[in-house]
1. Leaving out ligands and nucleic acids, note down the accessible area per residue over the stretch 22-172 with a 1.4 angstrom probe, in whole Å².
2. Taking a threshold of 29 Å on the Cα-Cα distance, which of the pairs K109/K237; K35/K108; K167/K323; K102/K154 fall above it?
3. Sequence gap at least 6, Cα distance under 8 Å: using those rules, report the relative contact order of the chain to the nearest whole percent.
4. P(r) tail for the chain, what percent of Cα pairs lie past 28 Å?
5. Could you rank the peptides 286-296, 161-171 by their average count of other C-beta atoms within 10 Å per residue, with the highest value first?
6. Among the aspartates and glutamates, select those whose C-alpha is under 16 Å from the C-alpha of K316, and discard any that sit fewer than 8 residues away in the same chain.
7. Among Q174, L56, I195, pick out the residue whose Cα is farthest towards the positive end of the charge dipole of the chain, where Lys and Arg carry +1 and Asp and Glu carry -1 on C-beta, about the Cα centre.
8. From zero up to wherever the largest Cα-Cα distance of the stretch 154-269 sits, split into 10 Å bins and tell me the percent of pairs in each.
Amino acid sequence: MAGAPNQRMKLLHLMKILLETTDEQHPMTMADMVKALAAYDIKAERKSLYTDIELLRQFGLEIEMQRGKTVGYFITDRQFELPELKLLVDAVQSCRFITNKKSDELIKKLSSLTSGAQAKQLRRQVFVAGRAKTMNETVYYSIDQIHCAINDNKKIIFKYFDYDVNKNRVFRKQGELYTVTPVTLCWNDDNYYLITYSERYKDFTHYRVDRMHGVEGLQEDGDPFDRRKFSITEYAKRVFGMYSGETVRARLAFDNSLVNVVLDHFGRDVHMLSSEDGRFEISVHVSVSPVFLAWMFTFGGLAEIKAPDSLIAAMKELIIKNKQVYFTE
C-alpha cells in the first residue's frame, strides 16, 4: 500500500493544512481536505476526517464549522490575531536597527503564524520618511547576547566603531575590546542603546548597539550598583533628550497650533496656560543646550523663550554663531 508509511502522520498533516490554509473567509470542505492530504500520499475518508477534527479539537485546536452552499471548517483562534501581526510587521519594517535582510526573515516567520490568504495581507511595504536601515547585520544577535548577560548579571566584551566617509568601519581605541557591565537597553530616536555601569568611574554610559561588533558574554560578574537608585527614565531624559547639561526652569510660549508637539515632547502632565493672543505658556525644566535651543528654533516665530534670561542669552548666542557661518560679510 503506497500510502501506508504516511498514514500515521495523517492527523499532524491535517492540523498543518488547517493552520496554513484556513480562516473565517477561507473554510475548507471535506473534499478539500481529502485532496490536500492526498498531496502527502495520505488516503482519507469523510467519516475518518470527522473523527480527526474532533481529536484536534480535544487537543486544543479551535475549529469551527461554517454552513453555506457547502460545509467548511476553519481555524478560529490563533496565537496572534491578524491586526496584531500587521502591527508587528509594521514595527519590524520600520525598525531602524534591523537590516533589510533580517526584516524580511522576521516577516516571513510572522506570516507563518496565520493562514496563507491572510499572510498575503502582511506582505506590504511600510515607508518611513528619512528612515535608513542599519548596515550592521549582527545587531540581532548582539541584542540576544546583551539580554542574556543582563539576566545573568555578567559582563560583556565588544569592539566599538564609527563609519568614515567611505562607509568603512573605524574601530575606536585602535580596536581594543570594551569590557562593560550591561544594565539595560534603551530605545531613543529610532536607535537602540546599551546603558552600562562602570565601577571604576562610578557612573553610567551608553553605546549604540548597531555600532557594537563581536559582542560576547563573559563569566565575570557585573560591577555592583544600587539598581533602586537608577532610573532609566531620568537617564534617558538627561542624556538623550533636551535635559542634558545645566538644567533650568524655563517659561516657554507657543502658538496654539503646537499643542500636540508640546505634549509629545513634555508629556500630557505639562500644565498649559492659555492667553488671548492665540498662544499658551508652559513652565518646565530644560537644559541650556544646543539640542533644546535648536528644537525651539525650528518653530520660528511660533515659539518663544520667555525666561530665564540665561536661556534667552544662550539662544541669542546660538543665533549669532550660526549667522557668522552663513553671513560672512
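1. 62
2. K109/K237; K167/K323
3. Values: 444 pairs, mean separation 35.3, N = 329.
Taking the mean separation of contacting Cα pairs over the length of the chain, I get 11 percent.
4. Counting pairs separated by more than 28 Å, the tail of P(r) holds 64 percent.
5. Values: 286-296: 18.5, 161-171: 10.5.
Highest mean packing first, the order is 286-296, 161-171.
6. E304
7. L56
8. With 10 Å bins starting at 0, P(r) equals 11, 34, 30, 17, 8, 1.
The values are calculated or read from the model by the stated rules, or taken from the named source; none is laboratory data. Since the model is a prediction, treat every value here as computed from it, not as a measurement. As a convention, Cβ positions derive from the backbone with ideal geometry for all residues, glycine included, and neighbour counts pool all protein chains shown. Each accessible area value is taken on the protein alone, full model and side chains, heavy atoms only, with ligands, DNA and RNA left out. Shrake-Rupley method; radii C 1.70, N 1.55, O 1.52, S 1.80 Å.
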